[in-house]
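Below is one structure; the comments refer to it alone.
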Amino acid sequence: MRISRTELPSEHRNDFATMKTLLPYLSQHRWRIGLALLFLILAKFANIGVPLALKSIVDSLDASTVQAGIVVIPIALLVGYGLLRLSTSVFQELRNAVFAKAAQQSTREIGLKVFEHLHALSLRFHLDRQTGGVSRDMERGSRSITQLLNYLVFSILPTMFEIIVVCAILFTRFDIWFSVVTLVTVVIYFLYTWKVTEWRLKFRIEMNQADSIANTTAIDSLINYETVKYFGNERLEADKYNRNLKVWEKASVKSQVSLALLNTGQGFIIGIGLTILLIMAARQVVDGVMTLGDFVMVNAFMIQIYLPLNFLGSVFREIKHCLTDMDRMFSLMDVDPEVKEADDAKPLQSGDGDIRFEHVDFNYDANRDILHDIDFIIPAGKKVAVVGPSGAGKSTLARLLFRFYDTTRGHITIGGTDIRDVTIDSLRATIGIVPQDTVLFNDSLLANIGYGRPDASIEEINAAVRLAHLESFVGNLPAGLETLVGERGLKLSGGEKQRVAIARTLLKNPPILILDEATSSLDSGSERSIQHALNEISMDRTTLVIAHRLSTVVDSDQIIVIEHGRIVERGTHDQLLTLDGEYAKLWRLQQQRDAVVRVEQDLGEPLVQP
């Protein structure tokens, strides 16, 4: 299967770089982590004391102590043994309770940081990326943070600490070979686990990549549910999804088979090490060098070490998986925003001044120029329209004014201030837009209209509803403003969505307004109604109208005609008709089309039969 360029994994950051990114978020919880480590150490000391207490109990119950038929039950040792077991559990739970806030808060803060960073990236990044894959990377990466912290603090550190202490006990109390065999077994175990896990890592990366692509395919298909149904392409979508799942399945099978190899090798190493130690201990008991209690203690120590060590193999594997998942999420944070705010940027003081496009050039990539030497002024409080054929670069003007992109050459100023010298938030707060395709959130009408100004009161929202001529529509809904609009607003008609967009913009109340082909997708009846509302909201505002239908811009103070990214004509409607150039040609063509449509409506059938 061919994988798109945008979904290829980023250049692999090393594990140190990933951990370095994580550390600043943990440093603010130093005291919690320190206290958790203290409880961890106390729990491990209690756990190490269990075999020592067991040795004393076994020795006291040894047959040699009851030769006279008197059995002495070591009550104190038994109680101590029970208390050590209890202490281990209590300190572990205290450790969990103290560490929980540090882990969960760090996860939340990193997830929020990534989310904010994604919103700070340019429109180009989001057009090149597929949302489903990005959301999957965020989900896996956030989940892996908590898992990684738990593995490191609750598995790796305590196990290493216990191995060191146990080896020290074996070295001071018994033959040095007990410590040697234990350490050699541990070292071989770690080397084997590390090598095999590194080899298996590529299968995990393939799984993640295939999973992201499959998730992207599924989300894209479900979002476009209607289109799938229109063309009866359910089977096509299922086959596409299945192809992606097969790639995931293949990588997953490789991962599971290699996991079986890893676990088998780990069990083999531990089994040999434990057997050698027990044979050595048994021989020393027979030789009288060790007591039966010593044998039981060595066995208990080895079980306490090797059982978590066996689990540690899985932990090490999961740590590598977590680092891989986190790497992909942190790689998103490595992407630099294309549009950056100047260090000395100041808030835009007022949006009431002229808007000037000064010899602006722009291209989306070096091989495709979009705008060439665009130079015009929108006087304060006036309406200027930009018209031209599809693909001429009209909507790009709105994106540049919002600073979704920066100009390749030239400047855009508001009130004499270059928009690159002001804060992005203040710039975008000054501008409102009614777009050609209004996309709404899957929420209520109230939430979607209130999105224009989240702190607006219900009275202000109702006023915006009235001004946008939505009042009768909302009044006929059983749930009123609480009505859910569906995914991307699909429960509403085109005209209803446009009115919601107008209400949202009215609520924002910006001094600068952009109308980006706001009526191009509507029928003539809806267009007239929406156009009336647009004329009302653009009154006394500095307005840029981007239009395909010329009938919507005849009252503009100036009309700019763009063709192939260049200004070819400018003037009022009457001046451009008198000029009899490109605008006049477009006007006559649209008048002919409108006349045909009116005749067809009167006749009730098309003039040209198929």
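The values are calculated or read from the model by the stated rules, or taken from the named source; none is laboratory data. Predicted, not measured: the structure shown is a model, and the values here were computed from it. No Cβ is skipped: glycine too gets one built from the backbone with ideal geometry, and neighbour counts run over all protein chains shown. Just the protein is used for accessible areas: all its heavy atoms, side chains included, with ligands, DNA and RNA removed. Shrake-Rupley method; radii C 1.70, N 1.55, O 1.52, S 1.80 Å.
At-a-glance table
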item	result
Residue tally, condition open to solvent by 60 Å² or more (accessible area, probe 1.4 Å) and part of a helix (DSSP H, G or I), over region 486-511	3
Those residues of region 147-189 which are open to solvent by 50 Å² or more (accessible area, probe 1.4 Å) and touching a Lys or Arg at 6+ places or on another chain (Cβ under 6 Å), in sequence order	Phe161
Filtered residues of region 245-296 (kept if in a loop (DSSP other than H, G, I, E, B) and either loosely packed, with under 14 Cβ neighbours inside 10 Å or in contact with a Gly (Cβ under 9 Å, 6 or more places away or on another chain) (or both))	Asp287, Gly288, Val289
Matching residues in region 259-290 - criterion: being in contact (Cβ under 8 Å) with a residue 24 or more places away in the chain and over 19 Å from Ser179 (Cβ atoms)	Leu259, Leu261, Leu262, Asn263, Gly265, Gln266, Gly267
Residues of region 451-479 that turn out to be over 23 Å from Asn509 (Cα atoms) and open to solvent by less than 70 Å² (accessible area, probe 1.4 Å), as a count	3
Number of the condition not met by Gly416 [criteria: (1) open to solvent by less than 60 Å² (accessible area, probe 1.4 Å); (2) more than 26 Å from the chain's Cα centre (by Cα)]	(1)
Residues within region 189-232 that are within 23 Å of the chain's Cα centre (by Cα) and under 17 Å from Thr324 (Cα atoms), tallied	13
Scan of region 435-485 for residues that are hydroxyl-bearing (Ser, Thr, Tyr) and either in a helix (DSSP H, G or I) or more than 22 Å from Ile537 (Cα to Cα) (or both), ordered by number	Ser444, Ser472, Thr483
Residue match in region 160-176 (condition: in a helix (DSSP H, G or I), over 28 Å from Ile33 (Cβ atoms), within 23 Å of the chain's Cα centre (by Cα) and among the basic types (Lys, Arg))	no
Boolean, Ser331 is at pLDDT below 75 and not hydrophobic (A, V, I, L, M, F, W, C)	no
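Results for (1) part of a helix (DSSP H, G or I); (2) in contact with an Asp or Glu (Cβ under 8 Å, 6 or more places away or on another chain); (3) on the phi > 0 side of the Ramachandran plot; (4) of a type in the set (A, V, I, L, M, F, W, C), shown as yes or no for each residue.
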| site | (1), (2), (3), (4) |
| --- | --- |
| Leu534 | yes, no, no, yes |
| Ile537 | yes, no, no, yes |
| Val545 | no, no, no, yes |
| Ser551 | yes, yes, no, no |
| Ile562 | no, no, no, yes |
| Ile567 | no, yes, no, yes |
| Arg570 | no, no, no, no |
| Thr578 | yes, no, no, no |
